[in-house]
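Structure, as structure tokens:
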Amino acid sequence: MLRLVVMISGSGSNLQAIIDAIEKKHLKAKIVAVVSNRRKAYGLERAQKHGIDSVYFPLKPYKDEGKSREEYDADLAQAVELYRPDLIVLAGWMHILSPAFLDKFPKQVINLHPALPGEFDGTNAIERAFIAGQEGTIKYTGIMVHYAIPEVDAGDVVIQAHIPILPKETLDQFKNRMHRIEHRLIVQAIALFTEPYLT
Ligand code: GRF
């Protein structure tokens, strides 16, 4: 069974989509841990509600002790490694991971980002796409799951969806549409990794 570690920083609606797909037997995988860098991330509650190990791993103590980001990333990698993950899913994880983390899990870390390759990288991608759509500079945007590399929201694409801009749509309607598609895409992306583990 594919062993997943899901890393979050916020609400965890994508984590919930993975949990639901597994519980409905639409996805043959097991979430062995949920990791958050924020104590208040609602996604930690979602994990606890479903009996999934949750790990709170804040950066602040490292900063307070004058330790580097690389030290944090190296210790984070050790904590994650304990769960023997086959695949690490960044679902709203809002820290940039350095090679001190990524090099420990080559081609095993995937990231969900609500934009097409090379467009709107970084935060607030959905809002920025909405504005560009309203201005008429783009006719469609997208969502991708890609291998995480040190460069933000770059890395080879695992799967992507093209999403048309709808002229009369409000920002909230657009956001809801994007998140609904994210929830499907993240499950489809993970399913691409389950084949070798279908024992
Ligand atoms: C999603 O839009 C994801 O693409 C972005 O952060 C958001 C996380 O949402 N990286 P949630 O915490 O899964 O609800």
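The values are calculated or read from the model by the stated rules, or taken from the named source; none is laboratory data. Since the structure is predicted, the reported quantities are computational estimates derived from the model, not experimental observations. Glycine gets a Cβ as well: all are built from the backbone with ideal geometry, and neighbour counts include every protein chain shown. When the accessible area is computed, the model is the full protein with side chains, heavy atoms only, and any ligands, DNA or RNA have been set aside. Shrake-Rupley method; radii C 1.70, N 1.55, O 1.52, S 1.80 Å.
Quick check on this structure: which one of ARG184, ARG180 is touching a residue at least 60 places away in the same chain (Cβ under 8 Å) and either in a strand (DSSP E or B) or surrounded by fewer than 20 Cβ atoms within 10 Å (Cβ to Cβ) (or both)? Steps first, answer last, please.
Working: ARG180 fails: touching a residue at least 60 places away in the same chain (Cβ under 8 Å).
The unique qualifying residue is ARG184.
Looking at ILE110, ILE138, can you tell me which residue is more than 19 Å from the chain's Cα centre (by Cα) and aliphatic (A, V, I, L, M)?
ILE138
Of everything in the range 64-109 that's farther than 17 Å from VAL6 by Cβ and small (Gly, Ala, Ser), which residue is farthest from the ligand (Cβ to nearest atom)?
GLY66
When you check LEU44 against the structure, is it farther than 21 Å from TYR147 by Cβ and either surrounded by 16 or more Cβ atoms within 10 Å (Cβ to Cβ) or within 16 Å of the ligand (Cβ to nearest atom) (or both), yes or no?
Values: farther than 21 Å from TYR147 by Cβ: yes; either surrounded by 16 or more Cβ atoms within 10 Å (Cβ to Cβ) or within 16 Å of the ligand (Cβ to nearest atom) (or both): yes.
Against the criterion (farther than 21 Å from TYR147 by Cβ and either surrounded by 16 or more Cβ atoms within 10 Å (Cβ to Cβ) or within 16 Å of the ligand (Cβ to nearest atom) (or both)), LEU44 qualifies.
Take the residues of the range 150-165 that are part of a loop (DSSP other than H, G, I, E, B) and surrounded by 12 or more Cβ atoms within 10 Å (Cβ to Cβ): which is nearest to the ligand (Cβ to nearest atom)?
Per the criteria, the residue is ASP153.
Of everything in the range 87-135 that's open to solvent by 30 Å² or more (accessible area, probe 1.4 Å) and in contact with a Pro (Cβ under 9 Å, 6 or more places away or on another chain), which residue is farthest from TYR56 (Cα to Cα)?
GLN134
Can you tell me which residues in the range 16-41 are open to solvent by 60 Å² or more (accessible area, probe 1.4 Å) and not acidic (Asp, Glu)?
LYS24, LYS25, HIS26, LYS28, LYS30, ARG38, ARG39, LYS40
What pairs come out if I take residues in the range 118-136 that are farther than 20 Å from LYS168 by Cβ and pair them with residues that are within 11 Å of the ligand (Cβ to nearest atom) and open to solvent by 80 Å² or more (accessible area, probe 1.4 Å) whose C-beta lies under 8 Å away, six or more apart or interchain?
So the pair list comes out as THR123/MET94.
One residue is enough: does the range 147-163 have a residue meeting the conditions at pLDDT 95 or above and over 27 Å from LEU2 (Cα atoms)?
Yes - at least one qualifying residue is present in the range 147-163.
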